[in-house]
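So the structure is just underneath, and the comments pick up after that.
The values are calculated or read from the model by the stated rules, or taken from the named source; none is laboratory data. As the structure is a prediction and not an experimental result, all values here were calculated from the model. Cβ placement follows ideal geometry from the backbone for every residue including glycine, while neighbour counts extend to all protein chains displayed. Please note that ligands, DNA and RNA were not included when accessible areas were found on the heavy atoms of the full protein model with its side chains. Shrake-Rupley method; radii C 1.70, N 1.55, O 1.52, S 1.80 Å.
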Amino acid sequence: MNYCPGLGYSQGVTTAGTARDTTTRTGPGAARQHTLRERNLELVARAVFEVPEPLSRAGVAAATGLARATVSTLVDQLVAARLVRELPAVTGGRAGRPAVPLVPAPRSVVGLGLEVNVDYLGVRVLDLTGDVVSERVVPGALHDSDPAVVLGRLGELAREVTDGVAASGMTVAGARLALPGLVDPRTGLLEVAPNLGWSSLDPVPLLGLGDLAVRIANEAKLAALAELAGGSDVAAPDSFIFVSGDVGIGGAVVVDRALFLGERGWNGEIGHVVVDPAGPRCSCGAFGCLEQYAGKEAMMRAAGLPPDSPLAALVARLAQTGAAAGGAQALPAGRALGSALADFVNLLDVGTIVLGGAYAELLPWLRADVEAVLADRVLAAPFVDLHVRAAQAGPHAALTGGAREVLRAVLAAPAAWV
Ligand SMILES: [Zn+2]
């Protein structure tokens, strides 16, 4: 399981309430020694977590360049901290000496992903192997909702899940709360989430999760990080524009395997790109935003369905009306989405577009229109290959991305756990 430290989207931000205090230095020499040990622990943890096949202690020593005895001590500490597990010894190495493969410890230290979206609340727990240990997703109708009520409910769901996880002997390292709007991870404030009707809000205390370290992040950014981690069979591209299509439409830009965030992490708001200035009023106050054509509720209305219908109802309606998968004009959203994406590609010069959220399932009915508009409107289209693909990270990917970010932080500073 690859938890590459370079993926972090909130690096350099102080983590409130980290599980252990690492400041045990007693003097300059001790500080140097302490720092060296911390760095070596991180190297060893990365070696164990980022290789496709398990390494032995000797393998870790070779991969890190550290002395075998040093590696052995550090591995012992990571095993005692329940971050790393030893598999049964296998023979066949050099001189026939049995080697003990080292792997991420399952069901020990876990990360918690939380999400408020306009039509659901979600909780997902991932362990260090990347397995989903537990999850709850509850549908809701959260337009213009009361944040205290909604976040209190999400906190209850989180407690139910984490109580069960703790009863099984697992330790929750922290949580990331995904929100559909502009968040400031430095201050912990949600500045605005138009579809929820929330603004200038400090959401974490409203969860009521006590000492658990919870940080907030934008939903599409976390979903893009989940996508970057790659599916089981398809590797993620190094650079892509990620679009998360739900009631609102969020976006994220990944360049060379890192999120490109703009000055404050507020870029990617493709849902509020205007596709028709004479169009209907949007939740943000402007007219003719993409969300009004290609948001989930807009797509439902265009198909003659109640706006809060489940996605399956739209897929069934498309099948019923004989809209050909791969055919043009199956969904009016396709050309609007293509138009906004063409602007993004013209601005950013990133040629791979990954469509997540509801779009992952609807892509067969969107693709022809999106690709046709991209071909028409992207200036570079005759000279480059533009790729449109469905997200691989599965439903509610922000929950996965959030839980992974917690675990990435654990592995970036494993000394706090030993
Ligand atoms: Zn708007």
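At a 1.4 Å probe radius, which order do Cys284, Cys289 fall into by accessible area, largest first? The partial results should precede the final answer.
Values: Cys284 65, Cys289 0 Å².
Largest to smallest exposure gives the sequence Cys284, Cys289.
How much length, in nm to one decimal, is gained on full extension between Leu36 and Glu160, taken as 0.36 nm per residue of separation minus their Cα-Cα distance? Show your work: numbers first, answer last.
Working: separation 124, 0.36 × 124 = 44.64 nm, distance 3.98 nm.
Taking Leu36 through Glu160 to full extension adds about 40.7 nm, to one decimal.
At a threshold of 8 angstrom on Cα-Cα distance, excluding pairs fewer than six apart, so keeping six or more, what relative contact order does the chain reach in percent?
Values: 845 pairs, mean separation 75.1, N = 418.
Once normalised by length, the contact order is 18 percent.
What fraction, in whole percent, of alpha-carbon pairs in the stretch 329-418 exceed 22 Å separation?
Working: 1704 of 4005 pairs.
Cα-Cα pairs in the stretch 329-418 separated by more than 22 Å: 43 percent.
Give me the 1.4 Å probe accessible area per residue for the chain, excluding ligands and nucleic acids, in Å². Write out the running numbers ahead of the final one.
Working: 18100 Å² over 418 residues.
Roughly 43 Å² per residue, with all protein chains present.
Which length gain, in nm to one decimal place, applies between Phe260 and Arg301 when the Cα-Cα distance is subtracted from 0.36 nm times their residue separation? Each step should come with its number before you reach the end.
On the way: separation 41, 0.36 × 41 = 14.76 nm, distance 3.38 nm.
Once the chain is fully extended between Phe260 and Arg301, it gains 11.4 nm.
Compute the Kirkwood hydrodynamic radius of the stretch 237-390, taking the inverse of the mean of 1/r over all pairs of distinct Cα atoms, and give it in Å to one decimal.
15.6
Which whole-angstrom value gives the distance between the alpha carbon centres of the stretch 201-215 and the stretch 128-199?
Centre-to-centre distance over Cα atoms comes out at 9 Å.
What net charge do the residues around Leu182 carry, taking every other residue with its C-beta under 13 Å from that of Leu182, with Lys and Arg at +1 and Asp and Glu at -1? Let's see the in-between values first.
Values: positive: Arg186, Lys221, Arg264; negative: Asp184, Glu191, Glu219, Glu263, Glu269.
In short, -2.
Sequence-distant or interchain residues sharing an amide H contact under 5 Å with Val133, placed H: which?
Distant-sequence amide H within range of Val133: Val125, Leu126, Asp127.
In the stretch 50-207, carbon and sulfur make up what percent of the accessible area (probe 1.4 Å)? Write out the running numbers ahead of the final one.
Working: 3700 of 6840 Å².
About 54 percent, which is the carbon plus sulfur part of the accessible surface.
Quick check on the chain: helices-only [θ] at 222 nm, where DSSP H runs of length 4 and up contribute -39,500 (n - 2.57) each and the sum goes over total residues. Nearest 500, please.
Values: 12 runs with 151 residues, N = 418.
Calculated mean residue ellipticity at 222 nm is -11500 deg cm²/dmol.
Tell me, what is the FRET efficiency for Val384 and Ala328 to the nearest 0.05, using R0 = 22 angstrom and their Cβ-Cβ distance as r?
Numbers: r = 22 Å, r/R0 = 1.02.
Using R0 = 22 Å, I get an efficiency of 0.50.
Under 19 Å from a point 7 Å along the Cα-to-Cβ line of Ala375: which residues of the stretch 300-332 have their amide N that close?
What the label zone holds, given the 19 Å backbone N cut-off, is 324-332.
May I ask for the net charge around Ser200, where only other residues with Cβ less than 12 Å from the Cβ of Ser200 are counted and Lys, Arg are +1 while Asp, Glu are -1?
Working: positive: none; negative: Asp184, Glu191, Asp202.
That sum, taken over residues with Cβ under 12 Å, equals -3.
Using the Kirkwood radius built from alpha carbon pairs, what does the Stokes-Einstein equation give as D for the chain at 37 °C and 0.692 mPa s, in µm² per second? Show your work: numbers first, answer last.
Working: Rh = 22.7 Å.
Result for D is 144 µm²/s.
Of the heavy-atom accessible surface of the stretch 237-390 (probe 1.4 angstrom), what whole percent is carbon and sulfur? It would help to have the intermediate numbers written out before the result.
Working: 3690 of 6660 Å².
The nonpolar share, carbon plus sulfur, comes to 55 percent.
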